[in-house]
1. Would you mind telling me which numbered condition in (1) in contact with a Leu (Cβ under 9 Å, 6 or more places away or on another chain); (2) away from every other protein chain (no Cβ under 14 Å); (3) without any contact (Cβ under 8 Å) to a residue 24 or more places away in the chain A:Thr34 fails?
2. What do you reckon, is A:Ala341 out of contact with any Ser or Thr (no Cβ under 8 Å at 6 or more places or on another chain), surrounded by fewer than 20 Cβ atoms within 10 Å (Cβ to Cβ) and hydrophobic (A, V, I, L, M, F, W, C)?
3. Taking the condition in a helix (DSSP H, G or I) and either more than 14 Å from chain A (Cβ to nearest Cβ) or free of Cβ contacts under 8 Å to residues at least 24 places away in the same chain (or both), does B:Ala48 pass?
4. Looking at the structure I just gave you, is A:Ile259 crowded, with 16+ Cβ neighbours inside 10 Å and in contact with a helix residue (DSSP H, G or I) (Cβ under 8 Å, 6 or more places away or on another chain)?
5. Is it true that some residue in the stretch B:2-13 is part of a loop (DSSP other than H, G, I, E, B), closer than 25 Å to B:Arg195 by Cβ and at pLDDT below 95?
6. Can you report the number of residues in the stretch A:63-78 which are within 14 Å of chain B (Cβ to nearest Cβ), part of a loop (DSSP other than H, G, I, E, B) and in contact with a helix residue (DSSP H, G or I) (Cβ under 9 Å, 6 or more places away or on another chain)?
7. Go through (1) crowded, with 18+ Cβ neighbours inside 10 Å; (2) more than 17 Å from the chain's Cα centre (by Cα) for A:Phe204 and report which single condition fails.
8. Condition first: polar (S, T, N, Q) and buried (at least 18 other Cβ atoms within 10 Å of the Cβ). Can you find one or more residues in the stretch B:63-72 that meet it?
Amino acid sequence: MGSVENDIKVQLKLNKQNSFRLDIECHLPIQGVTAIFGPSGSGKTTFLRCMAGLERPEVGNINVAGECWQSSELFLPAYQRAIGYVFQEASLFEHLSAQGNLQFALNRAADPISDLFFDEIIDLLGLKKLLNRYPNELSGGERQRVAIARALLIQPQILLMDEPLASLDQSRREEIIPYLSKLRKTLSIPILYVTHSIDEIVQFADYILVLEEGRQMAEGPVSDVLSRSDLSAFSGYNTGCLWEGKVVERSEDWHLAKIECFSDVFLWVKDTGVEVGETLRVRILARDVSLTLSEDNSTSILNKLPAKVADVTDDQDVGMVLVQLDCESGSLTARITKRSANELGISVGANVFAQVKSVALVC
Amino acid sequence: MFSAADWSAIALTFRLALTVTIVLLILGTPIAWWLARTRSYWRGPVGAVVALPLVLPPTVLGFYMLIAMGPNGPVGQLTQTLGIGLLPFSFWGLVIASVFYSLPFVVQPIQNAFESLGERPLEVAATLRCGPWETFFCVVVPLAKPGFLTAAILGFAHTVGEFGVVLMIGGNIPNETRVVSVQIYDYVEALEYGRAHSLSLAMILFAFVVLLGVYGIRRNAKTSSFWKAR
């Protein structure tokens, strides 16, 4: 357990009229991006609203970095909590321009904000050209970027984001994702990020809280939780693992970059203009991993990793099995047919080569 | 075109309408806020009472107010003990009666504006460190501006246009309670149709311009130019 000052302690119990219940007790880190993940109706938005003080649970204990926001004797209203909140859909004040909306936050920020920080935020979210526009002259994505800037300018201790991309269509989403990645890399502010999208988790999140029907199913670092096949959200078709690696080489002729994930475990990925030395995150889905008994050089597949079989489990699909592999200090999962597993004689302890058909580069 | 008596009636009408509008905006706003946000059982009954002047003949309202403000009525006894004297047949008696009579015209547009805001702007304001009062004045009021404008215009115009209540409560005292509508009535009774015409036409013109303004606000409030033209 971390020191008292360095985490968020939450205990919530809430019963709503329509038989919805929330019953959560968790410790979240107060750094990086913590994803609150679950299907719709799992209580993740309610959880966030309780954190913000917008909803009042019957039983609630919230401690943020040693400061009590709610206990049996105390309930800090939302306006006294050091939060920034980004709502799911447009939430800009219609009567104010983008600039006016930002000024609204500036006027109420805990400490005066330096012009430098203001310019940094404007730059980070690409708002320079939008400042004089009114909300109904902005696209959904632009509005959301202004809303994020506004939430940052209030200088919150934590930034709460409730599915900020959910109300946007795919192309708008792709337009905003780079801004969020930059935000995560540039600013040190901790973020609680509600989402039902695994893609968003693998791109931004460091830590994850998984909710289902108002209860927590799992909690932990993203790379650990995402490779758990016992969680229905991440099993079957979506089973995979998350690796992080440092770019060690770029091959400009082939538009490829080589990253070192663990000592002596290298992956070739698409070069998206990365720099040598930069850390990248990749997601390798079990369905994209196939197995051979010896290193096959007559294949189009670039990434072939020596590995040892650690476990073989049944998949949700009766014809498939999940093979857990140890690959140096990393673990990898392959999803192959039962028949192949049988014919290749895959069993615990066997040495194999994992062929990675494709590597999804997430950031 | 207008005689000195006409001008005095017009000035009085304007003074009455302005006073009533200001009183109603101050009084009607909290009522509208409560009606828009409460989940209390009393919402229905209170809303109905506020709307009563829409359907009642002004004479009914005027009759009961005359009794209440009269020497034996509860309001009358109160004003007498306070040393204000009696309200009927005075300017302030007219103001009070008109406030009741025009109440729905002010409360309902403001209430509609509050209701159409929904919960979201209030929550956003709370996450931007606004306490309840600051939220109301910095977010709710500016966002409900079209509602307030409509309410002020309708309240003003409706007070200008009232007749029955004035006659019951105020009578016909020059410079005190003789407003334009009463003046017109007097002219018609005296068969001075020419004078009645000029005042009546002025009223029609006024009413038309006012309603044009209200519809303009309703249309513009939906576009960004409305907010830009501040």
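1. (3)
2. yes
3. Here the answer is yes, as B:Ala48 does meet what is asked.
4. So A:Ile259 does not fit the description; no.
5. Yes; the residues of the stretch B:2-13 include at least one that is part of a loop (DSSP other than H, G, I, E, B), closer than 25 Å to B:Arg195 by Cβ and at pLDDT below 95.
6. Residues in the stretch A:63-78 being within 14 Å of chain B (Cβ to nearest Cβ), part of a loop (DSSP other than H, G, I, E, B) and in contact with a helix residue (DSSP H, G or I) (Cβ under 9 Å, 6 or more places away or on another chain): 1 in total.
7. Against the list (1) crowded, with 18+ Cβ neighbours inside 10 Å; (2) more than 17 Å from the chain's Cα centre (by Cα), A:Phe204 comes up short only on (2).
8. No, the conditions are met nowhere in the stretch B:63-72.
The values are calculated or read from the model by the stated rules, or taken from the named source; none is laboratory data. Computed from a predicted model, the values in this text were never measured in an experiment. As a convention, Cβ positions derive from the backbone with ideal geometry for all residues, glycine included, and neighbour counts pool all protein chains shown.
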